[in-house]
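Below: one structure, written as structure tokens.
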Amino acid sequence: MLRLAGLLLCVTSFLSTSSLGAIAGPRLDNDKLYRYSYSTEVRLNRPTGSTRGNTGFRISSDVDISLVWRNPQIQDEQLLRLQISNVQVESAGKRSRKNNIFHGSSAESILGKVRLEALQRPFMVLWKMGKIRSLYAHKAEPATIKNLKRGVASMLMMQLKSGKMSEADASGKCLVEYKATKDQVIRTKHLDTCKTQEMGFTTHSPVLGISGKSTSETVITLENGIIKSADVEETHILSINARHKAATKVLSRQSLTLKKIEVGPTEVAGKDVASVVKSLDDKHMSVGVMVEKVKTKCKGCPNLMDTWKAVRSQLEPESLSKAEGPRSFLALLHSLRKASKSEILTVLRNCSKTVLPQLVDAVTSAQTPSSHSAILEFLDFSKKEGLVLQERFLYACGFASHPTETMLQSLLDLAQGKIGSTEIKESIVIIMGALLRKLCLKGACALPTVLKVKEMLLAGPDSTQMESEVLMYLLALKNALLPEGVPVLAKYAESEVGAFSTIAITALQRYDPQLITPEVKKTLNRIYHQNKHIYEKNVRAAAADVIMSSSPSYMEVKNLLLSIGHLPHEMNKYMLSKVQDILRFEMPACKLVRQVMKDMASHNYDRFSKTGSSSAFSGFMARTADVTCTYNLDILYSGSGVLRRSNMNIYGQSNNAFLHGLQVTIEAQGLESLIAATPDEGEEELESFAGMSALLFDVQLRPVTFFKGYSDLMSKMFSISGDPISVVKGLILLTDHSQVIPLQSGLRTSAEFQGGLAIDISGGMEFSLWYRESKTSVNNRGALVVIGNVTVDTGFVSAGVEVGFETEATLDFITTVQFSEYPFLVCMQMDKTTFPFRETVSKQEKLPSGQTFSLKRSRDQLVPGSEFPLHQENSNMCKKVFEQAW
């Protein structure tokens, strides 16, 4: 029994010793002063730039560390005293004396006497098991100085065994992985997991957004359990997804090296940390380990009114097609985000009528509480006057990069209040759908206002008998893309009102195919095959598009192919062209279509030799390493040769993300009486109508009507000027990314990437009875400027790098139809003009004394224009059209 008790005692003793050894952390000796040399530097450049092109600075000093107090109960809990001295600030790279703004400057002249004294004032850290648990400093010290001290303290973060854990240092709370050997510890920080105190925002679409890649590694060398050296290398690369060459790189390095060990102060007695800290310096307080926000004052920076005076001439309507327009828009945006409500209202109330719409775009796009409150006070929605400004405000809300619940609530309040124009009410509800989707994508679907608006939109179509209001709610649901909206849209897809069906079906086409349930597919098949009602051609064609793009079954594809030959003449040709386009462009359904075509009943000469002018064609606009841009053109004519529907789409794809960049649809109906032609089946009673609808960057806009009704048509025909009607015009904040990157050194990197687009989309429809010719046109004009700026600003020295690119482009889509004889001639043209493209990079360093170093480079090129290829039939037809015109 005694032997057993002795054995248990030995085992217990051994396990206790092992346990203590496993969790033991690094310790400093009493009565010793550890003298280290320390340096931190930050370099900014492009990722592919040479080291000579770096901009940045280095701060170097001595750091003395000594043990102040050790917890009698827990030996690994130690209070350390740190003091920085012999501070120097210099350029991070080699520069000639002429370009070195730091030459001849002392630390005091750069930091200032107050900052330098604060930096050299001792501070304390609670070091437990190799981790910084608390940092004690004077609370009144400048935030930049406290941050630099946090950076020094973070060099002591370590543990003597391998493993992963979540821990906080100057750069935030992150997942950290340790690899420990006898005399070395490697600390790898997973920066994508870091939680910081400052939250930024980014564009909801990855295609238009920014990608980041970050690394951080610390190599610690030990000697007799003491840190001999610690070296940190941290990199952050930010690039624009649409053009990864437009990128910035932040390289941060820290180095702590032991110089010597001397006799130091004796350990202080005390029960706990708080009492010991207070006894040594009653002004010392726990200030936290993570970097805190720094408010920097920009000396000599222009205020909002100064910026406005400088840029307003570039925001005149005639300047918007040039790059100066969006560039000035971005400059104004930055100033607006810093301005107060009263400053913004002053500018709004003292603006000329020609520039005011562009100013409304900018104020709304700023998306600050002050700018949003100012624009709502400025605009009066109860009056019909100012319709253009009201619509520009609403469109800018729809394109908002980071909408808030407040923005959605303000639109809800407007919708429930007095509105002077029915068009504006429609736009408000439609844009609410776009905001709803963006908030849900951010994970804010459960917010009270979001739930309220969701309920309103889902119940909306059944809550009214007015056709215009039903269309309004369906368009809002098309923007919102709510999963709960699928049954509502499926119900209205089967409506006998063609406009309801078209919008509902095109809305379903925007959903993820996984949400198109078997029940919805049955509905679409009933529409296409007309099992219950007779439908218009464009409705049936839209249903076929959704079926083919939503993982169709073998029988669904077979039935679609078997229908060819039993459809109205032009619809036969459209469906045949659609099938051929799926095969040629290798769309997801192409394998199944090929499988069905092995059956001769589905694939034979009689079925695949149908003639006509309707067509469907897809192609590539651009294919680069960064982004793939595709287009498709669908044209459906009536049997009499009059345009029924023209649909142009442009898509962007990058990093497995998808963006519906543009959709312009022109629809016409009931025009057969003008040429004494017979309408197609199901379209005999249609009212004369022509209109245009646009979807821009995933946001459906309010459709525009060219004419409605026979009397309106005749008046427009005799008064038509031939000028296109504007569908959307304005300035759009396309890319918007704001981020603060706290570095382990305690410095803060501010990253701002913005892209401004000046756009003008217009469309027209000309109809000549004399020449028996019709012409539809969609004109797209745009200028794009994207700028990325990364800056490290300490308040006493700043360094930054700016990258960007800009371009101006024109894209026209024209369809000419000659119906003087049958078969009528149709020619489609899609032209891109030659356009300029410029890339820029600039770098800057600045001291409080006003000394600056700057460098700017640019590269220009001309991208040749081209006519995008369509199918061979179109080319042959165009030759005939232009031969006759000649």
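The values are calculated or read from the model by the stated rules, or taken from the named source; none is laboratory data. Computed from a prediction, not measured in an experiment: that's the story for all the values here. Cβ sites come from the backbone with ideal geometry, for glycine too, and all protein chains shown count toward neighbours. Please note that ligands, DNA and RNA were not included when accessible areas were found on the heavy atoms of the full protein model with its side chains. Shrake-Rupley method; radii C 1.70, N 1.55, O 1.52, S 1.80 Å.
General remarks:
- Local net charge near Asp169, Cβ-Cβ under 10 Å (Lys/Arg +1, Asp/Glu -1): +4
- The chain: angle of helix 324-336 to the longest principal axis, Cα-based, in degrees nearest 10: 50
- Cut-off 18 Å, label 7 Å out along Cα→Cβ of Asp281, residues of the range 105-130 by amide N: 113-127
- Using R0 = 56 Å, the C-beta based FRET efficiency linking Arg97 and Gln75 works out to 0.60.
- At 1.002 mPa s and 20 °C, Stokes diffusion of the range 379-482 via Kirkwood alpha-carbon radius, µm² per second: 158
- Among residues other than Met587 with Cβ under 14 Å from its Cβ, the summed charge is 0 (Lys and Arg +1, Asp and Glu -1).
- The simple Förster model, with R0 at 51 Å and r as the Cβ-Cβ distance, assigns Thr517 and Thr346 a FRET efficiency of 0.40.
- Rel. contact order, % - alpha carbon contacts under 8 angstrom, at least six apart, the range 379-482: 29
- Links that overshoot a 29 Å alpha carbon limit, given the list Lys149/Lys295; Lys775/Lys832; Lys173/Lys341; Lys309/Lys843; Lys260/Lys297: Lys173/Lys341; Lys260/Lys297
- Whole-angstrom gap from the range 103-154 to the range 611-672, using each part's C-alpha centre: 61
- Whole-Hz Karplus values for the range 855-864 come out as 8, 9, 9, 9, 9, 10, 8, 10, 9, x Hz, taken residue by residue from phi with 6.51 cos²θ - 1.76 cosθ + 1.60 and θ = phi - 60°; glycine and proline positions read x.
- Rolled with a 1.4 Å probe across the full set of protein chains, the surface gives Lys775 an accessible area near 80 Å².
- Note on Tyr651: accessible area is roughly 50 Å² with a 1.4 Å probe, heavy atoms of protein only.
- Separation in nanometres of the label points that stand 7 Å from Cα toward Cβ, at Ser726 and Glu766: 2.2
- Lysine pair count for the range 379-482 [Cα-Cα under 29 Å; pairs on different chains or 8 or more apart]: 27
- Over the chain: helical MRE at 222 nm, DSSP H runs n ≥ 4 each giving -39500 (n - 2.57), nearest 500: -9500 deg cm²/dmol
- For the range 756-808 versus the range 430-491, the spacing of their alpha-carbon centroids is 29 Å.
- Rounded to whole Hz, the Karplus (6.51, -1.76, 1.60) HN-Hα couplings of the range 692-702, x for glycine and proline: 9, 10, 10, 10, 10, 6, 6, 10, 6, 9, 5
- As a length-normalised measure over Cα pairs under 8 Å and 6 or more apart, the relative contact order of the chain settles at 11 percent.
- Taking each residue as 0.36 nm, the span from Arg584 to Ala622 lengthens on full extension beyond its C-alpha to C-alpha distance by 11.9 nm.
- Sequentially through the range 109-123, phi angles give Karplus couplings (6.51, -1.76, 1.60; θ = phi - 60°) of 5, 8, 7, x, 4, 5, 5, 5, 4, 5, 5, 8, 6, x, 9 Hz, Gly and Pro residues having no value and appearing as x.
- The overall shape of the range 111-264, judged from the alpha-carbon gyration tensor, is oblate: a/c is not under 1.5, and a/b is no greater than b/c.
- On Cα atoms only, tilt of 467-480 relative to the major axis of the chain in degrees: 40
- Segment Ser50-Gln88, length gained on full extension (0.36 nm per residue, minus Cα span): 11.1 nm
- Candidate aspartates and glutamates for bridging to Lys259, where Cα separation is under 19 Å - those fewer than 8 sequence places away on the same chain excluded: Asp29, Asp31, Asp62, Asp64, Asp183, Glu223, Asp231
- Between Lys384 and Ser549, the modelled label-to-label distance comes to 3.8 nm, taking each label 7 Å out from Cα in the direction of the beta carbon.
- The solvent-accessible area of His660, taken with every protein chain present and a 1.4 Å probe, is close to 20 Å².
- Taking the longest Cα principal axis of the chain as reference, the axis of helix 422-441 is set at about 40 degrees.
- Among the listed pairs Lys578/Lys598; Lys131/Lys164; Lys249/Lys322; Lys245/Lys856, those whose Cα-Cα separation exceeds 20 Å are Lys249/Lys322.
- Estimated FRET transfer efficiency (Arg337, Met466; beta-carbon r; R0 45 Å; 0.05): 0.65
- Prolate/oblate/rounded call for the range 553-645, Cα gyration tensor, a/c under 1.5 rounded: oblate
- Applying the criteria of a DSSP loop state and at most 12 other Cβ atoms within 10 Å to the trypsin sites (Lys or Arg not before Pro) of the range 451-509 yields no site.
- The range 284-304 and the range 832-866 have Cα centres separated by 30 Å.
- Distance between the pseudo-spin-label points of Lys113 and Thr678 (7 Å out from Cα toward the beta carbon): 10.1 nm.
- Heavy-atom accessible surface of the chain, averaged per residue, reaches 45 Å², computed with a 1.4 Å probe.
- Put simply, the amide H of Ala92, placed in the peptide plane, has neighbours under 5 Å in Gly56, Phe57, Arg58, leaving out anything fewer than 5 places away on its chain.
- Backbone amide hydrogens, once placed in the peptide plane, bring Asp698 within less than 5 Å of His660, excluding anything fewer than 5 places away on its chain.
- In the chain, the portion of solvent-accessible area held by carbon and sulfur atoms comes to 53 percent [1.4 Å probe, whole percent, DNA, RNA and ligands not counted].
- Whether the range 21-139 is rounded, prolate or oblate, judged on the alpha carbon gyration tensor where a/c under 1.5 counts as rounded: prolate
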